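The values are calculated or read from the model by the stated rules, or taken from the named source; none is laboratory data. A quick note: this is a predicted structure, and the numbers were derived from the prediction, not measured. Cβ placement follows ideal geometry from the backbone for every residue including glycine, while neighbour counts extend to all protein chains displayed. Protein only, heavy atoms only, side chains kept; ligands, DNA and RNA dropped before computing areas. Shrake-Rupley method; radii C 1.70, N 1.55, O 1.52, S 1.80 Å.
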Amino acid sequence: MRRHAVIARPARSSEPTVDEAGAWADVLVRRRLLHAAVLTPTGQWLVQDQPDGPVRVLMGPTDLLALAATIQHHTRSTRPESR
């Protein structure tokens, strides 16, 4: 069994932008990791995991990027290791 080293990443020097969050939302929907992610005029994001699932309200770009990181971590931790 291989162990992966944890690499510490420097903290962000700025808050994520709406454009950055939009890019992540697009990728998550395109790769079918989310059913929908819609930016509202108030700057909140409406996200839905499945077509018939509940709609969650995220307060802004920071929350959307946190969701993307959670999805990415889950995806990486559940896929079989490649050799």
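Do we have any residue at all in segment 59-67 that's within 17 Å of Thr17 (Cβ to Cβ) and touching a Leu at 6+ places or on another chain (Cβ under 8 Å)?
Initially, segment 59-67 is screened for residues within 17 Å of Thr17 (Cβ to Cβ), giving 59-67.
Right, trim to touching a Leu at 6+ places or on another chain (Cβ under 8 Å) and you get 64, 67.
Yes, the conditions are met somewhere in segment 59-67.
So Leu28 clears everything in (1) open to solvent by 50 Å² or more (accessible area, probe 1.4 Å); (2) of a type outside the set (D, E, K, R); (3) modelled with pLDDT of 95 or more except one condition, right? Which one?
Condition not satisfied by Leu28: (1).
Is one or more of the residues making up segment 36-53 in a helix (DSSP H, G or I) and open to solvent by 60 Å² or more (accessible area, probe 1.4 Å)?
Checking segment 36-53: not a single residue is in a helix (DSSP H, G or I) and open to solvent by 60 Å² or more (accessible area, probe 1.4 Å).
Considering only residues that are hydrophobic (A, V, I, L, M, F, W, C) and either surrounded by fewer than 15 Cβ atoms within 10 Å (Cβ to Cβ) or at pLDDT below 95 (or both), which ones fall in segment 1-22?
Met1, Ala5, Val6, Ile7, Ala8, Ala11, Val18
Pairs please, first residue from segment 33-48 and without any contact (Cβ under 8 Å) to a residue 12 or more places away in the chain and among the charged types (D, E, K, R), second anywhere and in a loop (DSSP other than H, G, I, E, B) and buried (at least 17 other Cβ atoms within 10 Å of the Cβ), Cβ atoms under 9 Å, 6+ apart in sequence or on different chains.
Pairs found: none.
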